[in-house]
1. With Cβ to Cβ distances under 13 Å as the rule, what net charge do the other residues near D:I192 carry (K, R +1; D, E -1)?
2. At a cut-off of 40 Å², which residues of segment A:175-191 become less accessible once all protein chains are present than in their chain alone, using a 1.4 Å probe?
3. From the label point of C:F86, set 7 Å from Cα along Cα→Cβ, how far away are the matching label points in the other copies, in nm, ordered shortest to longest?
4. Please label the shape of segment D:165-206 as rounded, prolate or oblate, based on the square roots a ≥ b ≥ c of the eigenvalues of the alpha-carbon gyration tensor (a/c under 1.5 means rounded; beyond that, a/b larger than b/c means prolate, else oblate).
5. Going by a ≥ b ≥ c, the root eigenvalues of the Cα gyration tensor, does segment A:140-201 fall in the rounded group (a/c under 1.5), the prolate group (a/b larger than b/c) or the oblate group?
6. Suppose each label sits 7 Å from its Cα in the direction of the beta carbon; what would the A:L96-D:L20 distance come out to in nanometres?
7. Once the other residues with Cβ under 10 Å from the Cβ of D:Y178 are scored (Lys, Arg +1; Asp, Glu -1), what is the net sum?
8. Using only atoms on other chains, find how many Cβ atoms lie within 10 Å of each Cβ of peptide B:192-204 and report the average.
There are 4 protein chains.
Amino acid sequence: MRRRIYEMIEKGEQEDKISLYYDRFMIFCIIASVLPLCVKNSTNPVFYRIDRITVFIFIIDYLLRWGTADFKLKGEKPFLRYPFTFFAVVDLIAILSSLTPLYSTLKAVRILRLPKCMKPLKILRYSKGFHLMMQVIHKEKDNLFTIGLLAVGYILLSALILFQVEPDTFASFLDAVYWATITLTTVGYGDICPATSIGKIIAIVTSFVGIAVFALPTGIITAGYLAELKPKHKR
Amino acid sequence: MRRRIYEMIEKGEQEDKISLYYDRFMIFCIIASVLPLCVKNSTNPVFYRIDRITVFIFIIDYLLRWGTADFKLKGEKPFLRYPFTFFAVVDLIAILSSLTPLYSTLKAVRILRLPKCMKPLKILRYSKGFHLMMQVIHKEKDNLFTIGLLAVGYILLSALILFQVEPDTFASFLDAVYWATITLTTVGYGDICPATSIGKIIAIVTSFVGIAVFALPTGIITAGYLAELKPKHKR
Amino acid sequence: MRRRIYEMIEKGEQEDKISLYYDRFMIFCIIASVLPLCVKNSTNPVFYRIDRITVFIFIIDYLLRWGTADFKLKGEKPFLRYPFTFFAVVDLIAILSSLTPLYSTLKAVRILRLPKCMKPLKILRYSKGFHLMMQVIHKEKDNLFTIGLLAVGYILLSALILFQVEPDTFASFLDAVYWATITLTTVGYGDICPATSIGKIIAIVTSFVGIAVFALPTGIITAGYLAELKPKHKR
Amino acid sequence: MRRRIYEMIEKGEQEDKISLYYDRFMIFCIIASVLPLCVKNSTNPVFYRIDRITVFIFIIDYLLRWGTADFKLKGEKPFLRYPFTFFAVVDLIAILSSLTPLYSTLKAVRILRLPKCMKPLKILRYSKGFHLMMQVIHKEKDNLFTIGLLAVGYILLSALILFQVEPDTFASFLDAVYWATITLTTVGYGDICPATSIGKIIAIVTSFVGIAVFALPTGIITAGYLAELKPKHKR
């Protein structure tokens, strides 16, 4: 019977109706538990009740998963090791944050449960478009990694230079990195921007060169995507 | 004779001169009725007169369309069903908003009439460029939809995280979604931006990863466009 | 001898040394006459002297061009028609704006002379890269025009909608168009941005859809560029 | 023995263990010497000690390199010419800026040492992705240069026009160039933006046309990248 419960909770195979319904119910609970985070004053009685109900469900889910841990974790002492797996820790913190009266930022831990919702959505993975996209990203991951490294290096260098030239503009080095990232991604909030002439010249050069560096990923993804599409066309 | 009026109003075939002139005249009237919306104080006497004349024309147009509804709507009781079709409702609200002395925001409903102007512009659809573009978008609609979903999910997640970390920056969750969208599309107004160090780190990571997600559509459209062009080249 | 002067001034052929030097000298004068525009107080004595010298050269150039107008303009009465050609009018206004003591914005007319500098730079046109680029733009001009139209339409529609929803944010309809353009090109200054919730929702939708519309040109240029490159590779 | 020291310092070949460790140690020292630049008050005692130690190491490194200059510099009088090579000058200034009690902006010179860290990272150069990318950039360098020139010209022209139309918005011409660059790269800080109606119209036109100019590089890189990938696929 423990095997049956495990299959129900974990497997999520297409044919297994009960498992499917369980997955859907848990997604609903996770989203319901995240919803109160979207409102400022979560002292609302409706949200309070949702909180009570979902925390009760999550406790049962937690205990069921713990009780069937030997099916999931191969190796020795699965029941001892389970509480230290990533999702078990997240679940425990999320449950405790709901039980304690202190409404702290700890509740944000619940967001980490959201990836769980992705699992039953793995049907998405079978969609042709998404599959192809993942293949391209996988194939070009070396290039994308190199560009990522280049971009990070460029951001740090720009931040360092402007931080030296205009120390008064930035409260800390983090601010300089923040400025460089926001500039080079062309977001450009404008909450921190160069005030002196030298700083402006550096900003001009930085943003001009930056486009080239940040335009590369698009090109590579397009090229990779096209290279992937070609052979299928020819066959 | 009712059939003739219907053909005149609705068909808009190339050879039918009167139908063509009627379409052009209605486009002129729609644009003329929208123009006063571009000015702040629409109490101007010129605009008032334009309003009177166009509303009179729209009433006649509305009655003519109603009177020939049986040619357009197949099935039972066309005259009863016509007033509940989309454009009939829009027309009615627009006419009533002009007739009543209350100059309310209801007048903005007229903008919904603008798609009507697209119909006689369907010649555009025969242009090679536009046709090809539509074909590409149609073929890649699965991929574009997947990316759209991914982008919306990413925006909501970013909004949720920063909303938890910096609740004081945002008046409501809508503001957080607004911030995330404006950041990830690299518009970056800067009216709402992170104030704390943790918030800034989240903004850095968010905008950095965001480029990759938002750079994908361009790549896919290019690749699809090129794949569409290829076969024609080879023949 | 008038023919010789005309060849010297206009032709600008590679072998003709004097013509080449004349062209270079005129570029130098045009740039020298534009330079004072880059400074705020052009009452500086150095700039004043430059102004005197260049205006003298431009008067001679103007008279020489007028005197050889019959070689340039085919047809009747070339001497009468010449002063009404585009560059002759620009030159005349620029000369007069320098001669009169009123330092007005009319001086900005000199900027219109800058395209003249492009002519001797036509060597650039022979560079393979520039030539190819022009070819792609020429070939895809139908598509680019369609997209341009679409983009302008989308900007006007967005401007119209937000202008109706939030009339207090904008001083005039021009401001709304300015906001829509700055948003959709992802520049996002943030000097004008939506203040109400409905306005923010419209901004979210607008900027989200806008990327798709504005990402198209890049894709089309890339595809066109590649299609242009392909045949050369195969031969 | 001097040859051995030279090999240890300069070569950095894969097999040479000591050379490898030396390179890694120097990278560590360079980064350690740059770190204090990331903090505002570098009067911190920990940073002071790091400064003392690294400057000592850099002096030894400088002397060792000078002493083995005849292996590096071919030609006459290598010991006399070495102190005037780029990195020797940078090293000297960096060392002196640490030794003198005046904590000036001269310390920023240390950033120029960072490229030295790239050398032992030349393994990166052998990575397929980076190699391919460099090849594409090298092949398309004519096109990219032409576009770069076009972009700079467009920035200067936009700056000049808005500077004439709205002189009150800008403190100097540099500000106008700064505004044009920040606008055309779509960063859009919003610290300087047009205030008058004519200025706004110019900004609208400028940013609209600007996208086309700045979207070209992406297209060219993609096309070049793809052209480079193709032959390998076919073989």
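1. Details: positive: A:K200; negative: C:D191, D:E166, D:D168, D:D175, D:D191.
Result for the neighbourhood of D:I192: -4.
2. A:Y178, A:T181, A:T185, A:T186, A:V187, A:G188, A:Y189
3. Ordered by increasing distance: 4.4, 4.4, 6.2 nm.
4. On the way: a/c = 1.72, a/b = 1.07, b/c = 1.61.
Oblate shape, in that a/c is at least 1.5 and b/c is the bigger or equal ratio.
5. Values: a/c = 2.51, a/b = 2.12, b/c = 1.19.
Since a/c reaches 1.5 and a/b is larger than b/c, the shape of segment A:140-201 is classed as prolate.
6. It is 4.5 nm.
7. On the way: positive: A:K200; negative: D:D175, D:D191.
Around D:Y178, the surrounding residues sum to -1.
8. On the way: counts 5, 8, 4, 1, 0, 5, 2, 1, 10, 4, 0, 6, 8.
Whole-number average of other-chain Cβ neighbours for B:192-204 is 4.
The values are calculated or read from the model by the stated rules, or taken from the named source; none is laboratory data. Given the structure is predicted, the values throughout are model-derived calculations rather than measurements. No Cβ is skipped: glycine too gets one built from the backbone with ideal geometry, and neighbour counts run over all protein chains shown. Calculation scope for accessible area: heavy atoms of the full protein, side chains included, ligands and nucleic acids excluded. Shrake-Rupley method; radii C 1.70, N 1.55, O 1.52, S 1.80 Å.
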